[in-house]
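Student: What follows is a single structure, and I will ask about it in a moment.
The values are calculated or read from the model by the stated rules, or taken from the named source; none is laboratory data. Remember, it's a predicted structure, so these values are computed and weren't measured experimentally. Here Cβ is always computed from backbone atoms with ideal geometry, including for glycine, and neighbour counts include all displayed protein chains. Each accessible area value is taken on the protein alone, full model and side chains, heavy atoms only, with ligands, DNA and RNA left out. Shrake-Rupley method; radii C 1.70, N 1.55, O 1.52, S 1.80 Å.
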Amino acid sequence: MLSCKDATRRMSEAEDRELALSERLELGMHLAMCRGCRNYQQHLHVLREACRGYRDELTGDEPRAEADSGER
Amino acid sequence: MSYHAPYPQPTGEPAIIDNAFVEQVRRDMLAFAQLQLRDAALAEDAVQDALTAALTGGQDFAGRSALKTWVFGILRHKIVDLIRQQSRTTPISAFGDDEDSMDQAFDRLFKENAHWQPAHRPAAWGDPEASLRDKHFWAVFDACLTHLPKNTARVFMMREFLELDTGEVCTAAGISTSNCHVILHRARSALRGCLEKSWFLAGERPC
């Protein structure tokens, strides 16, 4: 059974590599029982979104709003 | 002081890419490069090179956003090149004093059996979407990012801002995959803790 500490590490790795099936199952079982770690997972997702948002703000990437008027 | 304008002066037709625009892009690029490189002189070099390459390349830009996308694309490559060059001479270490104190702070969140201390168990963050639309949130986020130690920041930013895959990040940083995972986990934990303390729970906890 994973500890919470191990679970946080595994959630982080899940952002960076594909977890093996057994690793996913183990993590899934832990998350099913542990609200703190489910919240941690939410926080990681917010963090990733924040990084994307901040980067796009600086680089001016506007994924859809690039209407070049005139063309076609 | 000899300052070469790094871009050709616009001629004739009304310039959509005027000096003011280039200056603003340059500021954004500098902020971007500084966040990743943590070295003002290196960041300045990277930006100058990228701007020069972009604006003397004779490309025809459909507009401002096309130009901005183009120069940032070049800047990303420059940043990774610089990190790669530096890590060849001074390999990025996963362990140092700053990293130690981050790990200790993280360890304090857990009991001896490695489960959460009740007082530190992560709580749900209310309405993160609203936070991401709040300009005050971005100031806090910037402060949290800036607070990361240099090596940790470089690895984390290559992964999350430049969106390199983990293998490319490890190679550029000259570190093993497992050290890479350690650093990324450490960075995320620190940023999570910083956002929680400085934003999501700031002023919310009733006594």
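Student: Filter segment B:178-191 down to residues that are more than 8 Å from chain A (Cβ to nearest Cβ) and touching a Ser or Thr at 6+ places or on another chain (Cβ under 9 Å), then give me how many there are.
Tutor: Within segment B:178-191, residues that are more than 8 Å from chain A (Cβ to nearest Cβ) and touching a Ser or Thr at 6+ places or on another chain (Cβ under 9 Å) number 5.
Student: Of all residues in segment B:60-89, how many are over 20 Å from B:Q24 (Cα atoms) and within 20 Å of the chain's Cα centre (by Cα)?
Tutor: Summing the residues that are over 20 Å from B:Q24 (Cα atoms) and within 20 Å of the chain's Cα centre (by Cα) in segment B:60-89 gives 9.
Student: Among residues belonging to segment B:65-84 that are among the basic types (K, R) and either open to solvent by 30 Å² or more (accessible area, probe 1.4 Å) or in contact with a strand residue (DSSP E or B) (Cβ under 8 Å, 6 or more places away or on another chain) (or both), point out the one that is farthest from B:A50 (Cα to Cα).
Tutor: B:R84
Student: Given the condition more than 14 Å from the chain's Cα centre (by Cα), outside any loop (DSSP other than H, G, I, E, B) and hydroxyl-bearing (S, T, Y), answer yes or no: does some residue in segment B:112-131 qualify?
Tutor: Yes: segment B:112-131 contains one or more residues that are more than 14 Å from the chain's Cα centre (by Cα), outside any loop (DSSP other than H, G, I, E, B) and hydroxyl-bearing (S, T, Y).
Student: Quick check on B:A123: is it at positive phi, open to solvent by less than 50 Å² (accessible area, probe 1.4 Å) and within 11 Å of chain A (Cβ to nearest Cβ)?
Tutor: Here the answer is no, as B:A123 does not meet what is asked.
Student: Can you work out which of the residues in segment B:99-112 that are in contact with a helix residue (DSSP H, G or I) (Cβ under 9 Å, 6 or more places away or on another chain) and open to solvent by 60 Å² or more (accessible area, probe 1.4 Å) is farthest from the other protein chains (Cβ to nearest Cβ)?
Tutor: B:R108
Student: Now a separate question. Search segment B:40-92 for residues being away from every other protein chain (no Cβ under 14 Å) and touching a residue at least 60 places away in the same chain (Cβ under 8 Å), and hand back the single one that is farthest from B:K150 (Cα to Cα).
Tutor: B:R88
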